[in-house]
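Presented below is the structure to which this report refers.
The values are calculated or read from the model by the stated rules, or taken from the named source; none is laboratory data. It should be emphasised that the depicted structure is a prediction, and the values quoted were computed from it without experimental measurement. Positions of Cβ are backbone-derived with ideal geometry, glycine not excepted, and every protein chain shown enters the neighbour counts.
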Amino acid sequence: MKPLHLKKIIEVVEGELVFGTDDIYVEDAIIYHLHRLKQKNSLLFLDRRKEFQFEDVKSYEPVVIITDARSMKEEYKNALAVVEVKNIRTAVLTFARFYRGLFQIPIIAITGTNGKTTTKDMVAHILTQYYSVQGTIRSRNAPKKSFQYLMGIDDDTDVGVFETGLGAPGNLRYHCDIFQPTIGIITNIGVFHLDKCKTLENYIQAKGEIIDGLNNKGTLLLNSDDENIATLSLENYRGKVLYFGKKKTANLRASNIVIHDDGTQFTLTNNQKKYQVHLPCLGEHQVYNAMAAIGAAVEAGVQIRYAIKALETFNVLERHLQILKGIKDSTVIDDSWSLTPDALKAALKVLQSISNGRRKIALVGDIGRLGEHTEKYHREVGDMIAEQNIDVLLTFGHAALNMAKQVREQNKNIRVFSYVDVEEVYIKVRALLDSESILLFKCSNTDSELVKIKNRLIDSQ
């Protein structure tokens with residue numbers, strides 16, 4: 001964080017100094033109930049509805065407290081200062097907007113059902129060749145993290161690249177209130193988070209909050225081939241819009257897509273010029289991620305040919321379609337990071353693309369966060385799997401039983417095994433694997449039981 005004079009902060013949040021002095025500099029800022037205190041001379045935004053543990057801050061004293069609790073000035077005498085505000089949440093957002101306004105730099109916000117983390121990592125990989133980048137760590141993209149990431153920006157930062165997660169309506173609006181992005185990306189919109197959004201339509205609209213979050217300026221990058229994105233209204237949006245996809249009308253258009261064991265290549269057309277792109281990662285979905293990343297990097301100031309060149313050395317995050325040596329000389333595609341219907345479909349395409357005559361086996365877990373629509377979407381996923389050219393399907397979990405049932409009914413050529421006991425899954429998979437088989441291991445990283453048996457299927461030598 002850039003050090004700030006407390007007197008200026010008090011002015012910004014329209015607070016009242018009720019204890020201590022305002023003639024000091026603040027070196028970090030946190031929302032007390034959401035973030036960990038890391039250093040002295042920090043500013044704590046303290047919500048009166050949340051408990052304050054005096055012992056938690058003792059080793060980091062002195063601190064400054066901004067709060068809507070009227071008793072803090074009497075209760076806590078070790079602060080450098082106590083500032084009272086009318087509404088703590090308003091104070092947090094006001095301070096965040098002020099702090100963001102200190103830096104005239106591009107900030108890229110990335111959302112979507114699938115591909116957020118990879119696209120964010122691709123953008124950061126390109127930009128770090130030329131700029132100092134502050135960005136999301138791995139896929140830690142919850143709304144509560146946004147304020148912390150913003151505080152990581154200082155005078156040495158050239159650009160921000162942030163993944164903006166969504167669990168419920170309003171989450172993206174909050175991310176954008178904090179980051180004030182100048183470039184926004186929606187990678188795609190599938191089916192997810194229906195436990196909180198309730199319906200697909202509500203989920204689509206929640207993803208669309210990023211459009212308003214750009215405040216009618218900057219650049220919005222959209223997947224031109226995504227049917228759900230196409231339903232979002234841009235009628236009132238006055239900023240720049242760029243489309244990426246396979247359609248001829250896309251600003252960044254992919255063609256001649258080829259997937260090999262060691263990567264993916266395609267032809268990118270932009271402004272009537274053609275470029276050959278080589279990605280060291282697998283899948284047509286990675287082509288979309290790459291186009292979004294290239295488009296964002298160009299908007300941030302990188303020449304397109306340099307952005308393309310940088311992606312040749314991109315390393316995908318582990319457990320994202322990683323090719324590993326399995327037991328009994330088999331091949332395992334480890335895609336155990338996240339599981340949504342569209343992510344599964346993309347992974348199955350990769351399985352078929354690189355099988356090279358080997359027996360194609362897919363192990364799939366329950367798809368979470370579908371709320372009351374769980375059974376319906378597992379059946380639809382089963383219909384999708386039945387259309388694929390695979391040899392064996394194994395499912396684990398009670399919800400996935402519906403998936404397995406659909407495949408059995410729709411495609412008699414696929415051998416189907418369904419389990420709710422994880423050890424039975426392991427025994428069956430182990431029996432199926434050999435040097436002539438390739439296994440797609442597809443589940444969420446929260447499915448701890450399946451993740452454990454995956455590690456037993458990997459050749460540790």
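Do we find that LEU80 is modelled with pLDDT of 95 or more, not charged (D, E, K, R) and not assigned by TED's automatic domain parsing to the domain that holds ASP154 in this structure? Write out each step before concluding.
On the way: modelled with pLDDT of 95 or more: no; not charged (D, E, K, R): yes; not assigned by TED's automatic domain parsing to the domain that holds ASP154: yes.
For LEU80, the condition - modelled with pLDDT of 95 or more, not charged (D, E, K, R) and not assigned by TED's automatic domain parsing to the domain that holds ASP154 - is not met.
For the list (1) over 29 Å from ARG253 (Cα atoms); (2) crowded, with 17+ Cβ neighbours inside 10 Å; (3) in contact (Cβ under 8 Å) with a residue 60 or more places away in the chain, I need the number of the one condition that LYS145 fails.
Failed condition: (3).
Residues are listed down the side, and each one gets a yes or a no for (1) surrounded by 15 or more Cβ atoms within 10 Å (Cβ to Cβ); (2) hydrophobic (A, V, I, L, M, F, W, C):
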position: ILE10; (1), (2): yes, yes
position: ILE30; (1), (2): yes, yes
position: ASN41; (1), (2): yes, no
position: PHE45; (1), (2): yes, yes
position: GLU51; (1), (2): no, no
position: VAL64; (1), (2): yes, yes
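Which residues, taken from segment 39-58, are farther than 17 Å from PRO3 by Cα and either within 25 Å of the chain's Cα centre (by Cα) or of a type outside the set (Lys, Arg) (or both)?
Within segment 39-58, the subset farther than 17 Å from PRO3 by Cα is 46-58.
If the condition is that a residue be farther than 17 Å from PRO3 by Cα and either within 25 Å of the chain's Cα centre (by Cα) or of a type outside the set (Lys, Arg) (or both), then LEU46, ASP47, GLU51, PHE52, GLN53, PHE54, GLU55, ASP56, VAL57 are the ones that fit.
Taking the condition modelled with pLDDT under 95 and either of a type outside the set (A, V, I, L, M) or in contact with a His (Cβ under 7 Å, 6 or more places away or on another chain) (or both), does ASN215 pass? Write out each step before concluding.
On the way: modelled with pLDDT under 95: yes; either of a type outside the set (A, V, I, L, M) or in contact with a His (Cβ under 7 Å, 6 or more places away or on another chain) (or both): yes.
Yes; evaluated as a whole, the condition is true for this residue.
Specify the residue that is surrounded by the fewest Cβ atoms within 10 Å (Cβ to Cβ); the eligible residues are those in segment 190-244 that are among the small types (Gly, Ala, Ser) and part of a loop (DSSP other than H, G, I, E, B).
SER233
Could you look through segment 119-141, keep only residues that are of a type outside the set (S, T, N, Q) and modelled with pLDDT under 95, and pick out the one that is nearest to TYR32 (Cα to Cα)?
First, the residues of segment 119-141 that are of a type outside the set (S, T, N, Q): 120-127, 130-131, 133, 135, 137-138, 140.
Within this subset, residues satisfying the condition of being modelled with pLDDT under 95 are 138, 140.
Values: ARG138: 23, ARG140: 18 Å.
So, considering only residues that are of a type outside the set (S, T, N, Q) and modelled with pLDDT under 95, the one nearest to TYR32 (Cα to Cα) is ARG140.
Restricting to segment 245-256, name every residue that is touching a residue at least 12 places away in the same chain (Cβ under 8 Å) and either surrounded by 16 or more Cβ atoms within 10 Å (Cβ to Cβ) or among the polar types (S, T, N, Q) (or both). Let's see the steps before the verdict.
Start the filter on segment 245-256 by keeping residues that are touching a residue at least 12 places away in the same chain (Cβ under 8 Å), which leaves 245-247, 249-255.
Listed by number, the residues that qualify are GLY245, LYS246, THR249, ALA250, ASN251, LEU252, ARG253, ALA254, SER255.
Report yes if ARG36 is of a type in the set (D, E, K, R) and more than 21 Å from LYS2 (Cα to Cα), otherwise no.
Details: of a type in the set (D, E, K, R): yes; more than 21 Å from LYS2 (Cα to Cα): no.
So ARG36 fails the test.
Sort out which residues of segment 1-39 are part of a strand (DSSP E or B) and either farther than 22 Å from THR157 by Cβ or of a type in the set (A, V, I, L, M) (or both), and write them in order of number. Steps first, answer last, please.
Going through segment 1-39, the residues part of a strand (DSSP E or B) turn out to be 4-5, 16-20, 25-26, 28-31.
Residues satisfying the conditions are LEU4, GLU16, LEU17, VAL18, PHE19, GLY20, VAL26, ALA29, ILE30, ILE31.
Any residue in segment 292-310 that is in contact (Cβ under 8 Å) with a residue 24 or more places away in the chain, of a type in the set (S, T, N, Q) and surrounded by fewer than 22 Cβ atoms within 10 Å (Cβ to Cβ)?
no
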